[in-house]
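Only one structure is covered here, and it is reproduced in the block below.
The values are calculated or read from the model by the stated rules, or taken from the named source; none is laboratory data. Quantities reported herein were computed from a predicted structural model and do not represent experimental measurements. Cβ placement follows ideal geometry from the backbone for every residue including glycine, while neighbour counts extend to all protein chains displayed.
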Amino acid sequence: MKKSVIIVLFVLFSVLSLNAQDYKTSLGLRAGLPFSISGATIRHFLNKTDAVEGIVASNFDGIIATGLFENEHWTGFYPGLNWYWGLGAHVGLWRSGVNRYINSSQNYSGGFVIGIDGILGVEYTFDEIPLNLSVDVLPNVNLFGVPGWNLVNGAISIRYVF
C-alpha cells in the first residue's frame, strides 16, 4: 500500500512540475497563407505559461506588424509539445488596388489598417537542438482603414530558442 501511494505521489508531482515551455526567448521565420508569404517572429516568456509574441509579415500587397499576448499549456501527450492561444492587435499598410484576401471584386485605395487578432496553435521544442516548430491559425479583423476579416490566416514558424 505504501509503495503504491509513493508511486502515485511521484507521478502526480512529476506531472504538476512540468513547464508549459522549455525556453525563455525564441526568434525565427514564419511562412503562411494568405497574408504572409514571409515574415519574422519573436516570442518571449514572461513566466512559465504567459508569453508575448511579435510578428512582422509581408507579401506583395503590404506589410503587417502584430503583437500578441499568449498563454501556453502542455498538451499532456509528449514532453515539448505544447498548445497555446492568445489575443492581440495589428497595424499594417496595404497598397491600392484589388486585395484578393479581403474582397476580390472591389478596388480600394489602400492605406493604413488597425485591427484585432486571435491565435491558436501548437508547438514542439526539441530537447537535443535549440529549435522550435509551430503551426497556428491567426484570425484577424481590421477595425480601421481597409475593412475586412480573415479567419484562415495560418502559418508555420521555425525558431531558434535561447
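A quick yes/no check of all residues on (1) among the hydroxyl-bearing types (Ser, Thr, Tyr); (2) modelled with pLDDT under 90; (3) farther than 20 Å from residue 137 by Cβ:
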site	(1), (2), (3)
1	no, yes, yes
9	no, yes, yes
13	no, yes, yes
21	no, yes, no
30	no, no, no
41	yes, no, no
63	no, yes, yes
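For the range 100-119, the set of residues classified as loosely packed, with under 14 Cβ neighbours inside 10 Å and either modelled with pLDDT of 90 or more or closer than 21 Å to residue 23 by Cα (or both) consists of 114 only. Entry remark, the range 131-154: residues being of a type outside the set (Phe, Trp, Tyr) and over 19 Å from residue 84 (Cβ atoms) number 8 in total.
Residue-level check: of (1) at pLDDT below 95; (2) over 16 Å from residue 151 (Cβ atoms); (3) surrounded by 13 or more Cβ atoms within 10 Å (Cβ to Cβ); (4) of a type in the set (Gly, Ala, Ser), residue 97 misses just (3).
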